[in-house]
1. Where both residues lie in the protein assembly as shown, what percent of DSSP beta bridges are antiparallel, nearest 5?
2. Taking the Cβ of each residue in B:W226, A:W483, B:W122 as the centre, tally the other Cβ atoms inside 10 Å and list the residues starting with the fewest.
3. What angle do you read, to the nearest 10 degrees and between 0 and 90, between the alpha-carbon axis of helix B:261-271 and the longest principal axis of chain B?
4. From the backbone phi of the range A:597-603, what are the Karplus-calculated ³J(HN,Hα) couplings (6.51 cos²θ - 1.76 cosθ + 1.60, θ = phi - 60°) in whole Hz, Gly and Pro given as x?
5. Full-extension gain between A:M572 and A:D322, please, as 0.36 nm times their residue separation minus the C-alpha to C-alpha distance.
6. Could you tally the net charge around A:Q411, taking each other residue with its Cβ under 12 Å from the Cβ of A:Q411, Lys/Arg +1 and Asp/Glu -1?
7. I'd like to know which of A:G378, A:A306, A:G159 lies farthest towards the positive end of the charge dipole of chain A, counting +1 on Cβ of Lys and Arg and -1 on Cβ of Asp and Glu.
8. For the ranges B:236-248, B:281-293, what's the packing order if you count other beta-carbon atoms within 10 Å of each residue, average per peptide, and put the highest first?
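What follows draws every value from the coordinates through simple rules; no lab data is involved. In this text, all values refer to a predicted model and were calculated from it rather than measured experimentally. Positions of Cβ are generated from backbone atoms using ideal geometry, with glycine treated the same way; all protein chains shown enter the neighbour counts.
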Amino acid sequence: MTRRGLVVLWGLLAVAAHVVPSLLPAPAARADLPTESKRTIDYKIEARLDAKTREIHAEGRLTWENQTDEPVNEMRLHLYLNAFKNSASTFMRERKGTHRGNRFDPRSAGQIDLLSFRRKGGDKVFDPEKPVFWHGDDGNEDDQTVIVIPLLTPVAAGGKATFELSWKSKMPRVFARTGFGGDGAFFMVAQWFPKPGVWQKETVDGEEKCVWNCHQFHGNSEFYANYGSYDVSITVPPQFKHKVGASGKRVDLGGEKGGRENADGTWTYRHTVEHVHDFAWVCGEEFMIVEEDFKAAEHGDPEEQARIAKILGRPTSALDLDDVTVYFLLQPEHADQLGRHRKAVFRAIAYMGYWFGKYPYPTLTVVDPDHRARGAGGMEYPTLITGGTRYIRAEKQTSPEGVLIHEFGHQHFYGLVGSNEFRHAWMDEGMCTYATGKVLMKAYDGWTNAQWYGGFPVYGERPFDFAGIAAESRGDSLPLVGWLFDDKWKVPFGDVGIVRSIAKGLEVNHAPKMISLWGQYGEISPLAFVREVPPLTHLSVPAADAKEYERWRTAEYDLSDPIAGRRAWEYMTRRAYATNSYRRPSSSLRTLGGFVGDETMTRIMRIYCERYRFGHPEPEDFFAVANEIAKKDGKGDITWLLDSLFQSEEGLDFGIGEIDVRPAPRLGKKADVEPTIHESSVLVRRFEAMRMPMDVRIRFDDGTIREFLWDRDDTVREWSVATTDTPGVVNRVMLSEDPVPMHGDKLARLTPARGQQARWVRLRFRGPAKVVAAETDPHYVFSLDRNRTNDGHSTQRNAGASVQLALRALGWIELSNSFYGGL
Amino acid sequence: MSTKDPGMDTPLAPVPDPEPKSKRKGNRKRRGRKQRGQPEVRDAASLRSTLGAGLRYALRSWRVLLFVVLIQLALALTVVMPFWTAVAPHIDNHPHAAAMAGTPDAHDTALGWEAGMHPGLWRDIKREEATTFEGLTAAHFWIAVIAWLFGSVAAGGFLGTAVSGESKVTVGRFVHMGGKYFGRMLRVGLLFAIAYYLAGRIVFEAWALSVKPDEIQAASESTSWWGDRIREGVFVLLFFWFRIAADVARADLVVYSRTGAFRAFFRGLWRALSLKPLLTALSIGLPAFLILLALSFVTGSLVGDSWVVLLSLFLVFQLAVAIRWASRAAVLTGLAHYVERHP
């Protein structure tokens, strides 16, 4: 080969080295899922429940490993149950004594008392009479949710220490997902043991050093702990025989159902689980326990598995799932909903397994809490989740499915990817909400609105709120009538002699002393059905999918905080916390997916979950993965996008301001027009502050469709474009200059920031065709859009939909009024 | 003077004497005395004759029904027009308005817009127009109160024209009779409202609060659920009992020109427990309600943006309103027939 030939060959090889990798699917950073955690703790617990006193007496042996390079001379442990000790705890102060509609009852308070704590082989350093609590988050000296125990001998870097401890946990009446219900017939035992905080390296005042990450229990926060293994023996009174569920797998103790009957009639069950950061258990007299096997071969979705494997560039078998034994602990009156529970959980195990990595534990316990303890519902613990349902559920609504899928999703975002829920609630709740929506959209038809009449759902909705004269007479909009019929007017009842006699005769024990003259009076639902004949008059609005549902729920709240960068208790309000932790991050993730495309987004989520399985990622870790994958996939650096989506307080709302079409002036001749040539202008607006590259789709009366991209750094306000005369062609044009071939790839074509995107841009067209319609975001990339009513405008009016709505409203009002006319 | 309606086995109510007003007043007094002392003996009303009287009246009073429907339409439009003006600007000029009207084109479907109102867009409209919608709720309340008052006019009109036995029921006579008996009908309506209110207090306050603590502590959630249903069921039964009693009382007041609404209502409560009034109301009211439900299948199929579809939708709703009022007229006049023969 000649020298020239060698040069050419070398050049070709060099080009190939650059081009070929970009043609292949982006390689996964690491193809294998970690199977083990670092096992920071090893906890053995023996617990005994006294149902009468609602107390759990427990002894434990905790082995803790210092996995940092600095010694530690004190232990910090969470004593979360003390949040429910009184109204002075930080949790109660922040929540003002309420949680999910439940009011804290001081008569049924809960608490945890550490009775002893000594280092094995070492001196006793803990005096239970003089506990020292840490309250550095807020300085609340009444808060006792973090205890500090000094160590005479520090645990050396890389060293281990074993502690023997005992404690007594008094369970509250179910509040904030833990406690008893039904007068002791049900116990949800969570946050019930002293749990070590996380000793980790952090940057404090610019200096990197090891500190305890062990926050107080706050009203808006959840948990954060190290991974390890748990071996817990639970002894329960006889009424809970075989009615116990717990994290992990049951160890066979030789008796029925793996339990052991003790001499005093109690039963003991032992559960073990590894690579988790919490342990919870439950017992309920009424439980109907059904054991079902999720079999990967039977309950998986091979098509989706193959699709994801292809996206990841791995063999399909690399995404094989493990079989899981699922224990459903249902209330007997919900037995008919077993199928719905099963489908939701099995779909979640399968799809989330493909998308985020397989569920690695052999068991999963799904708890349907007792109706007397609804506050225990909707919560996640490692390998144990609580759902929650009602006696009658609507078929076309994904409840209880939504909560079951969500809580299972936490097995990934919280369980397997152990982000810090105190500091970055969005990393578990937001990602979990995103994951929940993905499963719901994959496996269900969406949510159809319904009104409930006599305990049964009727699909459809009223044109606007009106629950009837009796109900509305108490509305705020009717001050005089509202005052008259206010709930405050009460009259004696139960203590009136005749009432007392009747109550005694009927053996009624709870005749109320006072009854309200108006309270609880309003919509009598079966009569409302007769009044408004809902199947005839209600609006039939199609089912909404999770993406759209989350968008409009997010849009309902004013923006006040960024998603990332706030501790859970630092948001403006509880609602701001909820919005920025659940739906807004979920919508942001969807928007990210809309930009980078489904395949890249799939890779981002999967690689992030693999890389941080059994880890404690920070937001920067997720952003780094997203950027890394986006770059590999040719989408360019998306730091600006991640900043806008997750670190900004700005809202996003683009739309069409107006369309103006008129005959074009004849060139060179004033006050004269060209009858066959038109000038159309489309005003595109950025209504809120967030800048984004925005698609604008223009439709012309000759059938032509053109799409433009309004760049996020484009400061120009006027653009003139000649009209194409090729009907039916989607002609994508980047407003500045270049055509953008495909939606998902346009990121790479965006030029570096040149300035601030203007608040509006006017597109001008001159030609034989007239603009008939324009819309922003036609492909619905922006799940963060705060208002979709202004997204588009058409010069051709079609009143069909609004007249249909008005006619339904007309029929609804006429029939309701006719009902009242008959009274 | 009395007439016999062809095909009926019982005579119709007496036609008013064509005498001067002062004399009629005297006659009424005499008739009143006669009724209190010596009730006119007539054949007992059969269920068939009661239903027949009611339904015949409903058929021959089509002018009045049309008038009543127009009144309902006018009342409803006072709320619906602001509703329409609030929602239309968000929808009519939307690029996917056709899809929302139920007729998506290729352009809509290519972008994922399916037939029917867009759930997210609808939420955004409600949020954007929240103030208007709150005002509509308040407006609907007061319009419903006016509709209730109009109901007293209509009841008096139906009963007055039925008892007068005119073969042609004109709107003028209907309004005249409605005005004449308005006070009595309204008083009965108020008594019904008080009974409704007290029943609500007893069922949903005294009863519910007495047993609810035990129900919600029962092992099964179904105990509480069924407890609610039983109370709702009892309340619904009480509601219909009071309603029939009120209608019997209204008929009583018109047929016998009585003025004592209180006494009539309490008599009505007792008489409403008889089989015939109950069956009369049930035999007319239930089929009418079932027809309304059946009409929902018709409206469900009327989708599109053509004027034929929209006009049909409008007409179906007006038909539904007419059916509700026709059944009302039939029940009232059927009960008048019954009351006339069971003084």
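1. Details: 126 of 156 bridges.
In the protein assembly as shown, DSSP labels about 80 percent of beta bridges as antiparallel.
2. Values: B:W226 16, A:W483 11, B:W122 26.
Fewest-to-most ranking of B:W226, A:W483, B:W122: A:W483, B:W226, B:W122.
3. For B:261-271 against chain B, the angle is about 90 degrees.
4. Residue by residue, the range A:597-603 yields x, 4, 5, 5, 5, 4, 5 Hz.
5. Details: separation 250, 0.36 × 250 = 90.00 nm, distance 4.29 nm.
In short, 85.7 nm is gained.
6. Details: positive: A:K358, A:R613; negative: A:D278, A:E380, A:E407, A:D428.
Once all neighbours under 12 Å are counted, the net charge is -2.
7. About the Cα centre, the residue reaching furthest to the positive side is A:A306.
8. B:236-248, B:281-293
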